[in-house]
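J.: First the structure, then my questions, so here it is.
Read-outs: derived from the displayed coordinates by stated rules, not from any lab. Since this is a predicted model, take the numbers as computed values, not measurements. Quick reminder, even Gly has a Cβ in these numbers, built from the backbone with ideal geometry, and neighbours come from all protein chains shown.
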Amino acid sequence: MIFTETPIPGLFIIDLEKREDERGFFARFYCENQFKNHGLEGKIVQINNSLTKERHTLRGMHYQLPPAAEIRVARCLKGATYDMSLDLRSGSLTFGKSFGIELTAENRRMMYIPKGFAHGFMTMEKDTEFLYLVSEFYTLDKERIIRWNDPKFDLKWPYEPKHISEKDSKQTDFDPAWHLQGMDTVSL
């Protein structure tokens, strides 16, 4: 696995390190030891899979508050997405900054999203399938959502969403007292 840190410390792009021959290739999708060697948390308790039928569908920006704050390792299995992460870590020099990248079935690229980040994606093709590994179980009362177009943040999506869930679209503007409860316990 090849780990490349983004302009936001702690947020990594992960590329496969392929071993190829006439049959195709073999590569590690996940290795706890390699994560630890890069100073990344490697505990995985749940693997989520979504299928999105229409292009330009937006899912996100989701995260969980401590003690249910989670890391995510995200990958597109079929089709293409524009993957977005937003730094919400208390005390971070890059608080409020976002980073986006295309994750496609062809490039097999992954994102490592640390605790304290909101995460979402927009589908770029029909019938896009997305997989993400998480370090904590879903906890409803700890879930928070940043609206995709919240004026507090400069989230640069490649297109205006055509499809978005009511839950994601009806979020109020960012309120630190509600959105960041306990985030000061998330380590940088």
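J.: In segment 154-188, what residues are free of Cβ contacts under 8 Å to residues at least 60 places away in the same chain and surrounded by fewer than 15 Cβ atoms within 10 Å (Cβ to Cβ)?
T.: Correct list: Asp154, Lys156, Glu166, Lys167, Ser169, Lys170, Thr172, Asp173, Asp175, Pro176, Ala177, Trp178.
J.: Separate question: If a residue must be in a loop (DSSP other than H, G, I, E, B), touching a residue at least 60 places away in the same chain (Cβ under 8 Å) and either in contact with a His (Cβ under 9 Å, 6 or more places away or on another chain) or more than 28 Å from Ile44 (Cα to Cα) (or both), how many such residues does segment 136-153 contain?
T.: Result for segment 136-153: 2.
J.: Can you run down the residue pairs with Cβ atoms below 7 Å, 6 or more apart or on separate chains, where the first is in segment 102-123 and farther than 14 Å from Leu88 by Cα and touching a residue at least 12 places away in the same chain (Cβ under 8 Å) and the partner is of a type in the set (Asp, Glu) and assigned to a strand (DSSP E or B)?
T.: That search, which allows pairs on different chains as well, returns Leu103/Asp83; Arg109/Asp15; Met111/Asp83; Phe121/Asp83.
J.: Now a separate question. Take the residues of segment 78-92 that are in contact (Cβ under 8 Å) with a residue 60 or more places away in the chain and not in a strand (DSSP E or B): which is surrounded by the most Cβ atoms within 10 Å (Cβ to Cβ)?
T.: Taking the candidates together, the pick is Leu88.
J.: Further, regarding this structure: Here's a check for you: in segment 123-139, which residue that is surrounded by 19 or more Cβ atoms within 10 Å (Cβ to Cβ) and more than 13 Å from the chain's Cα centre (by Cα) is nearest to Phe35 (Cα to Cα)?
T.: Looking at the filtered set, the residue picked out is Glu136.
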